[in-house]
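Student: The structure under discussion is supplied below as structure tokens; questions concerning it will follow.
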Amino acid sequence: MMDGMERPTTGSKRVESQRPGLRWARLVRPACATLGGYFLAKLLAMLLGLALAFAGMSESEAVVTASMLSFLLYLSLLVWGFAGGLLWPRLLVLGLLPALLWPLLPYIARTGL
Amino acid sequence: MSGDFRRSMTTVHSWAGVMFGSLLMVVFWMGSLSVFDREIDRWMMSDIEAPALNHDSLSQNVSLDSVLRPHIDELLAAGARQWGSSLPDERTPYFRFFYQRADGVFVSEKIDPHRGLPIGNEGRTGNETLGASGFFFPFHFRLNLNWKGLGHNLVGAAAMAMLLLLVSGVVVHRKIIAEFFLFRTDKSFQRNNLDLHNLSSVLALPFHFLITLSGLIVFMSIYVPDIGRLVYTDKSDAWGAFYAEAADTFRRPPSGRTGGLASLDAMRAKAEAHWRDEVGFIRLRHAGDANAVVEMGRQVGGELSWNIDKVYFDAGSGERLYATDIKPMMQLQRFFVGLHFAQFDHWPLRFLYFGSGLLSCVMIATGFFFWLATRRRRHERQAVAGFTAVEAVTVASTTGLLLATLGYLVSNRIYALTEVPTPRALFETGGFYAIWLLSLLHALGRPLAVACRQQLAAIVMAGLAAPLLHFLGGGSASTPGIGAEQTGVAGVNLGLLGIALMAWWARGRMSSAVRCEAQMPGVGA
């Protein structure tokens, strides 16, 4: 990862020494955080809506609650995705989890297909 | 907070800022202008709609049956299927009327509350302007890019980026309270610029966050359309099913038999008695059918929340059919919508919105300039491709955007003063885009500081020219009058002069800063 605004003049060496393969690897984290984060946030919001409806909230109220919270969920996932630290937990949670859960949605839906 | 976390947030802050800065600048600038969209509308229409403008046109004094009814009957005879209109109010002294023609196309027009005739088509064909509410306002939320919802989604992505920028910015900014009181006017331009970025960010932080979040909530049907998919199993239209329940909508199918239309004034009186509040909007569905329904919506100016309360009437008999009852969480959503749209009758709040929106613009622009300045040397040394382009885009999205906006208003006045044969809306939007494009080309051809200074000079001239042209070509509406209707138009003129003044000041400040830094290599940028 390159430096931010704190030490703007020290980044040059690293950029020069970068191997071409690493350039693409650097796109994995942003892709996970933005795309994976969006789908996971939406998934979690959908499940929240379903849970609220089961808990007795009226259907439209459950959906509007979940919809409003989905943006804050997405924001949290974005921050976590872009925070430093290991890449593989992000890959697992933001990449793999939504990819696995998405096809299962029809079976979780309230009255089936 | 670990250093690692702060470093990653710094990276995200600069990358998201560079990628979405221009887009955010456009959205926040257009949004700020939209706070006063009706006033700008009136300024732009001052040569055509004079007869409509006085206090008799306030909704309470206008009979729907005598003013709107003849027009409606004419449309129905021509085969219109539905129509609707918002009622005149203090800021919009005319009916904003729409109808669906027999071929399915929706047409909108402004109706003079005195004569019941459409405003803006007299004398010249194609004389109708989009104004601010038809151009700046849609630009704010969909960039006037309607292809496959592209504009909406770009703005949505920018809004999420904005939230991320705010969070990461707070993390990056270590001494958020201590530095809030720090503004080093004596130091370099670069230091000043960063202090201004921090000041505008922190001062209006709650505004930046809430206006962005509420903007996303306004369009949740577009950004997260399928949240209801697990709850509403009708896969074809989960959102439709949701909205019908959430808004407590009343619908009934057309019968196929023809039917009449009872007194609209009587229905309005019933609806107003029900809410003890004024009607702001009416709509007729299944026009001409025996099952036609008149929908009356409560006005939104009275409170912070943007209500969707409606009373439904049988069009033929005028009997009340149904009154909506909105549930609490949906009311919370309506609260966020109201918070975003700022349509409540409260002038100080409106100015506060405008000022905070401008602070957002300042925050975005200064952030951009900071990024450019810290990187210019390194990128020049390494000859990073595209850096000049980023600089030019920055200029086009700051001073260029202001210039294009002024170009839109100046085109409006040129149209009023001359015999341009093109339709007015085309002439004005053409002026906007042409000047925007020119500002980009201009910035591509010269260094950032020079481009900025020259465009600021152009802004000064355009900011002076627009009120001058307005004074010269105001037509009948420019005849002196000190009523409420003239205050808004005068306010727009004052605002334009203010822009010219600010641009003049910024130009001088930039020149001296550039001179200063040229003498002291190694300091600042």
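Student: Could you order B:Arg69, B:Arg413 by accessible surface area, starting with the largest, using a probe radius of 1.4 Å?
Tutor: So the residues, ranked largest to smallest area, are B:Arg69, B:Arg413.
Student: What share of Cα pairs, in percent, lie more than 22 angstrom apart in the range B:193-278?
Tutor: 64 percent
Student: Also, I was wondering about something else. Starting at 0 and stepping by 10 Å, how many percent of the alpha carbon pairs of the range B:331-462 end up in each bin?
Tutor: P(r) for the range B:331-462, in whole percents per bin: 11, 28, 28, 23, 9, 1.
Student: Under the Kirkwood approximation applied to all pairs of distinct alpha-carbon atoms, what is the hydrodynamic radius of the range B:128-171 in Å?
Tutor: Roughly 11.7 Å, rounded to one decimal.
Student: Cα extents of the protein assembly as shown along the three principal axes, largest first, in whole Å?
Tutor: Sorted largest first, the three principal extents are 81, 69, 42 Å.
Student: At 0.36 nm per residue, minus the direct Cα-Cα distance, what do B:Thr487 and B:Met502 gain on full extension? Give it in nm, one decimal, please.
Tutor: Stretched out fully, the B:Thr487 to B:Met502 stretch lengthens by 3.2 nm.
Student: Any chance you could give the angle, 0 to 90 degrees and rounded to 10, that helix B:387-397 forms with the longest Cα principal axis of chain B?
Tutor: So the helix axis and the longest Cα principal axis differ by about 40 degrees.
Student: Could you check how many percent of all C-alpha pairs in the range B:335-406 are farther apart than 20 Å?
Tutor: 50 percent
Student: Label point 7 Å out from A:Leu100 along Cα-to-Cβ: which residues of the range A:32-54 have amide N under 17 Å?
Tutor: Answer for this model: A:36-37, A:39-41, A:43-44.
Student: So which residues of the range B:326-361 lose at least 40 Å² of accessible area, probe 1.4 Å, when you go from the chain by itself to every protein chain present?
Tutor: Those residues are B:Lys327, B:Met329.
Student: Can you work out the base-10 log of I(q)/I(0) for the range B:295-387 at q = 0.18, 0.22 1/Å, using the Debye formula on its C-alpha atoms alone?
Tutor: Log-scaled intensity ratios, in q order: -0.90, -1.07.
Student: While we're on this one: Given labels modelled 7 Å from the Cα in the Cβ direction, how far is it in nm from B:Arg96 to B:Ser255?
Tutor: 3.4 nm
Student: Taking all pairs of distinct Cα atoms, average 1/r, flip it, and tell me the Kirkwood hydrodynamic radius of the range B:294-334 in Å to one decimal place.
Tutor: That comes to 11.3 Å for the range B:294-334.
Student: Over the C-alpha atoms of chain B, what are the Rg and the largest Cα-to-Cα span, Dmax, in Å?
Tutor: Radius of gyration, then largest Cα-Cα span, for chain B: 25.6, 85 Å.
Student: Projecting each Cα onto the charge dipole of the range B:183-337 (Lys/Arg +1, Asp/Glu -1 at the beta carbon, about the Cα centre), which of B:Ala269, B:Val218, B:His286 comes out farthest on the positive side?
Tutor: Value computed over the given set: B:Val218.
Student: What percentage of all Cα-Cα pairs in the range B:389-510 are separated by more than 25 Å?
Tutor: The answer is 29 percent, as a whole percent.
Student: As an exercise, identify the GluC sites (Glu not before Pro) in the range B:89-147 lying in DSSP coil whose Cβ has no more than 13 other Cβ atoms within 10 Å.
Tutor: Listed in order of number, the matching sites are B:Glu122.
Student: For chain B, what is the calculated [θ] at 222 nm in deg cm²/dmol (nearest 500), taking -39500 (n - 2.57) for each run of four or more DSSP H residues and dividing by its residue count?
Tutor: -19500 deg cm²/dmol
Student: If you fit an axis through the alpha-carbon atoms of helix B:3-35 and take the longest principal axis of the Cα set of chain B, what angle between them do you get, 0 to 90°, nearest 10?
Tutor: 50 degrees
Student: Relative contact order for chain B using alpha-carbon pairs under 8 Å, separation at least 6, rounded to a whole percent?
Tutor: Relative contact order of chain B: 19 percent.
Student: Another question, if that's okay. Just the number, please: buried accessible area between A and B, total of both chains, 1.4 angstrom probe, nearest 100 square angstrom.
Tutor: For A against B, buried area totals roughly 4400 Å².
Student: Related question: Considering the range A:18-80, what Rg and Dmax in Å follow from its alpha-carbon atoms?
Tutor: 16.2, 56
Student: Then there's this: What residues have an amide H closer than 5 Å to that of B:Ala315, excluding those fewer than 5 places away on the same chain, when H is modeled at 1.01 Å from N in the peptide plane?
Tutor: HN-HN under 5 Å from B:Ala315: B:Ala292, B:Val293, B:Val294.
Student: Find the centroid of the Cα atoms in the range B:298-325 and in the range B:71-131, then give the distance between the two in whole Å.
Tutor: 22 Å
The values are calculated or read from the model by the stated rules, or taken from the named source; none is laboratory data. Computed from a predicted structure; not experimentally measured. All Cβ positions, glycine included, derive from the backbone under ideal geometry; neighbour counts span all protein chains shown. Calculation scope for accessible area: heavy atoms of the full protein, side chains included, ligands and nucleic acids excluded. Shrake-Rupley method; radii C 1.70, N 1.55, O 1.52, S 1.80 Å.
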